[in-house]
1. Determine by what factor the alpha-carbon radius of gyration of the range 97-225 differs from 2.2 N^0.38 Å, reporting the quotient.
2. What is the calculated FRET efficiency for ASP122 to ALA188, with r their C-beta to C-beta distance and R₀ = 25 Å, to the nearest 0.05?
3. Just the accessible area per residue of the chain, please: how many Å² with a 1.4 Å probe?
4. Enumerate the whole-percent occupancy of each 20 Å bin, from 0 to the last occupied one, for all C-alpha pair distances of the chain.
5. Provide the FRET efficiency to the nearest 0.05 for the ILE226-VAL306 pair, computing r from the beta carbons and using R0 = 51 Å.
6. Return the FRET efficiency for the residue pair PHE68, VAL174: r is the Cβ-Cβ distance, R0 is 41 Å, and the value is rounded to the nearest 0.05.
7. For the chain, which longest stretch is free of loop sites, where a loop site is one of the trypsin sites (Lys or Arg not before Pro) that DSSP puts outside H, G, I, E and B and that has at most 16 other Cβ atoms within 10 Å?
8. If you count the DSSP beta bridges with both ends in the chain, what percent of them are antiparallel, to the nearest 5?
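The values are calculated or read from the model by the stated rules, or taken from the named source; none is laboratory data. Just so we're clear, the structure is a prediction, and the values are computed from it rather than from any experiment. Cβ sites come from the backbone with ideal geometry, for glycine too, and all protein chains shown count toward neighbours. Just the protein is used for accessible areas: all its heavy atoms, side chains included, with ligands, DNA and RNA removed. Shrake-Rupley method; radii C 1.70, N 1.55, O 1.52, S 1.80 Å.
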Amino acid sequence: MKIYLLFAYTLFFCFLSFGQSTVSGSISHSTGTRSYQLYIPAVYDGSIPVPLVLNLHGYGSNNSQQMFYGDFRSIADTANFLILAPQGLNDGTGTAHWNANWGTGVDDISFLSDLIDSISADYNINSGRVYSTGMSNGGFMSFTLAGQLSNKITAVASVTGTMSAIQIPQNTVVNPMPIMQIHGTADATVNYNGDQYFLSVDSVLNYWLAHNNCNPVPTISSVPDINTADGCTAELYSYTGGDLGAEVLHYKITNGGHTWPGSSVTIGTTNQDFDASVEIWKFFSRYEKANLTSLNNSLEKNWVDVLGGNPITEVLALNFNSKQDVQVAIFDLNGKNIFKSVAKGGVSINMESYPSGMYILRCQSENLTVYSRKLVKL
């Protein structure tokens, strides 16, 4: 049974600033009574289906703080979408968290799935335009939803969160999944280059590039350094050409910390050259699930046949539907090139000695047509 309460902020000026209503509610779930905050812009009247943006807090934070820190409210006021900020449960240390395959036993995937259904039952939500973003642990959880709740999530954006190697084998996503990754190179909490627990940003990008079949060579553009006092600069890496238009975008913030760019709350080195919330919404607004659920329009890209199927036990056999020379490369998830060759017609690669895990296959023909796919070695 759902419990609704009118949510009264002690910071009542928020109502005056945003002309909005914020509802605090909870739903009963197998993990317990789970709470959330829902921002409803004044422009919403229920007459048309509107998008829903999940905004997930970081480890040790809460949904109220995230509503302010990664702030989408003024954007929602004009773009007409609802913002859903759920609350994570405490882990064994008493710290609020999301179980993004972190082994705490909390089924946050089904909770967020049920919460989306619950909100959709009471508000006019466009089910093809449900997105997830979050800070740090909330970014990790957004990637988890992209991989394991892709039937409901259309696109995700992670700010300072990456993925763990455990997540990848559990992913069930089939259709293209647009991805945005925002991360600082000096992030001392979630290392840009990865560690023993988390994948590097490059590894995460490589995984989603292969999944979406994007061109692995990005277009790089500098973000104008409009605030020279913030201690960092930013570049945008755009990976285009993905199936059904699904792109992967990466804001690389040189010397940036574990922070939300553009936030009015500056903790550590916070980039002020762009507003992450604005860019995330611009990215989300381009995608609707109905346009991402059929690969019929991208069959012309499948000019490489993986013979014998994937996963691979010993030999990876490829057949090229091309008479041109083809550059073949295999990368591990750290971006290391572990195989490189040029072949025509096809090639067989002995992978028996390769460690079990995930790899990225990249083939490029002489006319620069690119094929990339993730491989699983058993």
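1. 1.08
2. 0.05
3. Values: 15640 Å² over 378 residues.
In whole numbers, the chain has 41 Å² accessible per residue.
4. The distribution over the chain is 28, 55, 16, 1, given as percents.
5. Working: r = 47 Å, r/R0 = 0.91.
Once the sixth-power term is evaluated, E becomes 0.65.
6. After rounding to 0.05, the efficiency reads 0.70.
7. On the way: sites that count: LYS2, ARG286, LYS323, LYS336, LYS344.
Answer from the scan: 3-285.
8. 70
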